Amino acid sequence: MTVPEGFFARHTRLVRPPLVPEVALHLADDVTALWLAMESDGGGAGDASPFWAAAWVGGQGLARHVLDHPDLVAGRTVLDLGCGSGLVGIAAALAGARRVLASDVDPYALAVVPLNAAASGASGVEPVGDVLDADLPGVDVVLAGDVFYDLRMADRVRPWLFTAWVRGAVVLVGDPGRSQLPEGLREVAGYDVPDSGVDVARRTTVWRLP
């Protein structure tokens, strides 16, 4: 499907996430209203929830870590797996990545990522579709924020990330402690992320495959 021109300007607003103010994202405050707009004005909501319309805390922590440690991505080719809004990939571009592939299954995510990159002053971010059923693209770093949100997704992502690591990629995961998070990861950083609509910040961790 093709997202109509101007959809995001009409139904979202530009927001700078609290932990990552360097990045500007088209986000929605009311998911129900957004769903209705996707059905009436966007060509259909599709099967996927609009994960692209929120700045998830795992992604914020991972994006912050990349911006604070640009040596992880500078001059390298980076894959933002399950990119959603593109937050993590855009952070990698701002940190000096040579090329960023932003992968997602949702056509709305693939359509909004270039807008978010432009609003953030980032270049070199390329939206791509689902890579989990394909061979590993030629990347140096894989960034995966908030990808272990349910069992089905975790079962797809886990072996793919391990294969990427075996083939020499640096693999970093941002997650606030979901039950599907695999064992054997090494903690490299932790952040307290102000959560939308919640007074108490949520703790999120950046993990690395060893």
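The values are calculated or read from the model by the stated rules, or taken from the named source; none is laboratory data. Every value quoted in this text rests on a predicted model; they were computed, and no experiment measured them. Don't worry about glycine lacking a Cβ; one is built from the backbone with ideal geometry, like all the others, and counts go over all protein chains shown. Keep in mind that these areas ignore ligands, DNA and RNA; they rest on the heavy atoms of the full protein, side chains included. Shrake-Rupley method; radii C 1.70, N 1.55, O 1.52, S 1.80 Å.
Before moving on, here are some points about what is shown:
- Candidates 93, 111, 118, 54, filtered to the one that is at negative phi, open to solvent by 10 Å² or more (accessible area, probe 1.4 Å), more than 15 Å from the chain's Cα centre (by Cα) and not β-branched (Val, Ile, Thr): 118
- Of the numbered criteria (1) within 19 Å of the chain's Cα centre (by Cα); (2) of a type in the set (Ser, Thr, Tyr); (3) open to solvent by less than 60 Å² (accessible area, probe 1.4 Å), the one residue 163 fails is (1).
- When residues in segment 96-108 are screened for being closer than 13 Å to residue 141 by Cα and open to solvent by 40 Å² or more (accessible area, probe 1.4 Å), 2 of them pass.
- Selected residue (criterion: most open to solvent (accessible area, probe 1.4 Å)) from residues of segment 64-82 that are part of a loop (DSSP other than H, G, I, E, B) and under 22 Å from residue 104 (Cα atoms): 76
- Pairing each residue of segment 75-88 that is touching a residue at least 24 places away in the same chain (Cβ under 8 Å) with any residue that is surrounded by 24 or more Cβ atoms within 10 Å (Cβ to Cβ) and of a type in the set (Phe, Trp, Tyr), provided the two are 6+ apart or on different chains, yields C-beta distances under 9 Å for 83/52; 84/52; 84/56; 85/52; 85/56; 86/52; 87/56.
- One residue alone among 192, 155, 133 is in a loop (DSSP other than H, G, I, E, B), free of Cβ contacts under 8 Å to residues at least 60 places away in the same chain and open to solvent by 40 Å² or more (accessible area, probe 1.4 Å), and that residue is 133.
- For residue 124: the one exception among (1) under 13 Å from residue 103 (Cα atoms); (2) in contact with a strand residue (DSSP E or B) (Cβ under 8 Å, 6 or more places away or on another chain); (3) open to solvent by less than 50 Å² (accessible area, probe 1.4 Å): (1)
- Residues of segment 167-188 classified as closer than 21 Å to residue 75 by Cα and open to solvent by 50 Å² or more (accessible area, probe 1.4 Å), total: 2
- Every listed requirement among (1) under 15 Å from residue 81 (Cα atoms); (2) among the hydrophobic types (A, V, I, L, M, F, W, C); (3) open to solvent by less than 30 Å² (accessible area, probe 1.4 Å) is met by residue 207 save one, (3).
- For the condition under 13 Å from the mean Cα position of the chain (by Cα) and closer than 24 Å to residue 184 by Cβ, residue 78 qualifies.
- One residue stands out among those in segment 13-41 that are over 27 Å from residue 68 (Cβ atoms) and in a loop (DSSP other than H, G, I, E, B): the one that is least open to solvent (accessible area, probe 1.4 Å), which is 28.
- The set of residues in segment 97-116 that are in a loop (DSSP other than H, G, I, E, B), modelled with pLDDT under 95 and over 16 Å from residue 133 (Cα atoms) is empty.
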